[in-house]
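Enquirer: Quick one: the structure is below, and I'll ask about it shortly.
Laboratory data are not the source of any read-out in this text; all were calculated from the coordinates shown. All values reported here derive from a predicted model rather than from experimental measurement. So basically every Cβ, Gly included, is an ideal-geometry build from the backbone, and we count neighbours across all protein chains shown.
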């Protein structure tokens, strides 16, 4: 009797996972077809940010998208993933990039978005790491997983923009195993 119940539960889980996977795929296709950018809902606008020169340095203020920077000039810039992981950057954080005359880049956080903490389970789908919390799954940077030495199945604490939807979450810590 117990084995049948366990098998039924496994079937329900498999069906739910397949449904979620298909829903995500369909949503991604629709967003791409309609050219819809969900990051616009994250308050990732660059109003109030600036781009300027200071001596022989070029300074660009930007907002963190989860994977890259959206600059005051409207351009997207890469950011070292180890920096964003170690600094626990959250989508919507405002930053400043100073590029000195020799090309050296210095990153500085100038304003954090309001955050909230959650806990979730680290998973992996198609080579991308994700955290599932409260029935929702979001991407996390591979560099964050390696930085915290996390493994699939670990419980992690995450940082998310407070009261806002996000496509990426930041790992804050790996919960100790019991």
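Enquirer: On a 0 to 90 degree scale, rounded to 10, what angle separates helix 2-33 from the longest Cα axis of the chain?
Expert: Once rounded, the angle reads 30 degrees.
Enquirer: Please list the radius of gyration and Dmax for region 115-174, considering alpha-carbon atoms only, with Å as the unit.
Expert: Here Rg and the maximum Cα pair distance are 10.2, 29 Å.
Enquirer: Sticking with this one: What distance in nm separates the simple spin-label points at residue 25 and residue 110, each placed 7 Å from Cα in the Cβ direction?
Expert: 4.3
Enquirer: Further question on the same structure: How would 33, 151, 68 line up from fewest to most surrounding beta-carbon atoms within 10 angstrom? Provide the component values of the computation, followed by the final result.
Expert: Details: 33 8, 151 11, 68 15.
Going from least to most buried by this count: 33, 151, 68.
Enquirer: In a Gaussian network model over the chain where Cα atoms closer than 10 Å are linked, find which of 143, 23, 166 has the largest mean-square fluctuation.
Expert: 23
Enquirer: Still on this structure: Can you tell me what the convex hull of the Cα atoms of the chain projects to on average, as an area in nm²?
Expert: Working: hull surface 51.2 nm².
Averaging across all directions leaves 12.8 nm² for the Cα convex hull.
Enquirer: Same structure again: Can you tell me the convex hull volume per residue for region 39-111, based on C-alpha atoms, in Å³ to the nearest whole number?
Expert: Working: hull volume 5.9 nm³, N = 73.
Given the Cα convex hull of region 39-111, per-residue volume reads 81 Å³.
Enquirer: Additional query: How do 31, 70, 141, 89 line up, fewest other C-beta atoms within 10 Å first? Before the final figure, lay out each step's value.
Expert: Values: 31 12, 70 18, 141 21, 89 25.
Going from sparsest to densest Cβ surroundings: 31, 70, 141, 89.
Enquirer: On to the next question. How would you classify region 77-178 from its alpha-carbon gyration tensor, with a ≥ b ≥ c the square roots of the eigenvalues: rounded for a/c under 1.5, else prolate if a/b is greater than b/c, otherwise oblate? Provide the component values of the computation, followed by the final result.
Expert: Working: a/c = 2.25, a/b = 1.66, b/c = 1.36.
It comes out prolate by the Cα gyration axes.
Enquirer: When 34, 67, 61 are ordered from fewest to most other Cβ atoms inside 10 Å of their Cβ, what list results? Intermediate values should be presented prior to the final figure.
Expert: Details: 34 8, 67 16, 61 21.
If I rank by nearby Cβ atoms, fewest first, I get 34, 67, 61.
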